[in-house]
1. If you filter region 72-166 for chymotrypsin sites (Phe, Trp or Tyr not before Pro), then keep DSSP loop positions with at most 12 other Cβ within 10 Å, what is left?
2. From the phi of every residue in region 328-344, what ³J(HN,Hα) in whole Hz does the Karplus formula 6.51 cos²θ - 1.76 cosθ + 1.60 yield, where θ is phi - 60° and glycine or proline is x?
3. Exposure proxy check: 476, 371 ranked by fewest other beta carbons within 10 Å?
4. Would you mind classifying region 1-92 by shape? Square roots of the alpha carbon gyration tensor eigenvalues, ordered a ≥ b ≥ c; an a/c under 1.5 is rounded, otherwise it is prolate if a/b is larger than b/c and oblate if not.
5. Restricting to the chain, what percent of DSSP beta bridges are antiparallel, rounded to 5?
6. Relative contact order (percent) for the chain, with alpha-carbon contacts under 8 angstrom and 6 or more residues of separation?
7. Under the rule of at least 5 residues apart or a separate chain, name every residue whose amide H is placed under 5 Å from the amide H of residue 69.
8. Which lysines have a Cα less than 28 Å from the Cα of residue 268, not counting those fewer than 8 places away in the same chain?
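Since every read-out is calculated from the coordinates, none of them should be taken as a lab result. For clarity, every value in this text was computed on a predicted model and none was experimentally measured. Ideal geometry is used to build each Cβ from the backbone, glycine not excepted, and the neighbour counts take in all protein chains shown.
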Amino acid sequence: MTRPLIFEISRPGRCAVALPDLDVPRSELPEGLVRDDLPLPEVSEADLIRHYTRLSQLNYGVDIGFYPLGSCTMKYNPKINEEMARLPGFVNLHPYQDEETTQGALFLLYHMQEFLKEIGGFAGVSLQPAAGAHGELTGVLMMRAYHLDQGDTQRDVILVPDSAHGTNPASTSMSGMRVVEIPSDDRGNVDLELLRAACEEHSDHLVGMMLTNPNTLGLFDEHIEEIIALVHQHGGLMYGDGANMNALLGIARPGEMGFDVLHYNLHKTFSTPHGGGGPGAGPVGASERLVDFLPSPIVVAEEDENGDEFYYLYEPPKSIGRVKSFYGHFGVIVRAYTYIRMLGAKGLRRVAEHAVLNANYLMSKIKDTYKVPYDRVCMHEFVCEGRFHDAPGVRALDIAKRLIDYGFHPPTNYFPLIVHEALMIEPTETESKETLDRFAEALLAIAEEARTNPDLLHEAPHTAPVRRLDEVRAAKQLILRWERE
Ligand SMILES: *Cc1c(COP(=O)(O)O)cnc(C)c1O
């Protein structure tokens, strides 16, 4: 049923607000401040509420349903995080206040650094970067600064596997370095022989390697120690893309595997909201070798004569400088801190265990129907093919769109690039067995439809407010303003 837009139900004189009596002297607005040509709608409060509530119902989010968007870790965001981030003591702070008056906030930042050091096995952490991709840029700049500090001025090559997230080559080239792509082997690992060859070829120019482990196929690289040793042997450093930390929490520490620098996506692993381009946070952890290069400021603690801790800002001696104004995205850090404190060490480990269990459970339910090209025990996500040999016209996009009719957010599709018609599924730990069962049933039903009624898939979604969009145009030419026809 289509309802009239708020602009169409406007009637002169209707008003949705009752303003309080004026308690300041009345004065005229400056000429030209209010435009007469703006046709602002005049509606009642009920009309206004219905308008915005209806709009909100056109949206899909983790608070509405299952959201298995691979690589994005769309877990449920506990509401206590929001309550903590809204505490007046936090929201009313000003970033220019003196350290003496912001000890509570600095305490939180300091302990967040400590938690992330412990979780990742690193010597130091900076909370500055605004997102994962920003952490990557920060890490590459730190690696470059390290080589320059060693007098190695010619190094400009970063190795990136072909399964990498698009931000990896993008942030590497933004930093001015050259990207050299390393193919994967038939088990979904980095191809060790080709890596060895690339290390030898670029030995003098090697800045390092950027690697996601578990990788974007949801697989833990079986040669992680050899890979890191090889890169180190050639004088390179190891950058870890920590977007997949949800699989490792409390179980394995990238710092101990030999990574020199890694970003955490607080908005993935640590349950702060993301999507829609909203703020995230991508703190970076650094090994002993790189701590001095971390972006400033870092929060450090000192005991005073009474044994009380005092927190203050510190600039590491060889810091690459600031990568973000003030302290990074403080509100996001408060949410992630709350999440860590609510779960504790044991709880975090259970997160990883359940994330991995859920992904393997789901994979085992559908893999006889949807081909899993790298068929081994997965970590927190897996990638299958969205195509069937006996339904040649059906593509991953059709399956993704049909899932909307079944009430699910589609998985990531067409990524990673090395899987044909990829569907990348990440259930996360916050989903119940019943939800996973319903999702698997939907996928199996869709596979059946692909054979018996492929047009149903080609024309999907049938139940959404809009049908198939030109997604590139929709993203590039957003129309955010209603216009009278
Ligand atoms: C999400 C993601 C990134 C980028 O992180 P943002 O916070 O979105 O910038 C990098 N690598 C992988 C594997 C990711 O999933």
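1. Taking region 72-166 and a limit of 12 other Cβ atoms within 10 Å, the loop chymotrypsin sites (Phe, Trp or Tyr not before Pro) found are 96.
2. The phi angles translate into x, 8, 4, x, 5, 5, 4, 5, 5, 4, 4, 4, 5, 5, 5, 8, x Hz.
3. Least crowded to most crowded, the residues run 476, 371.
4. Oblate is the answer for region 1-92, as a/c is 1.5 or above yet b/c matches or exceeds a/b.
5. Values: 21 of 38 bridges.
That works out to approximately 55 percent antiparallel.
6. Working: 880 pairs, mean separation 85.1, N = 485.
Value for the chain: 18 percent.
7. The list, which skips near neighbours in sequence, is 74, 426.
8. In chain and number order, the partners are 75, 79, 117, 324, 346, 365, 367, 371, 401, 433, 476.
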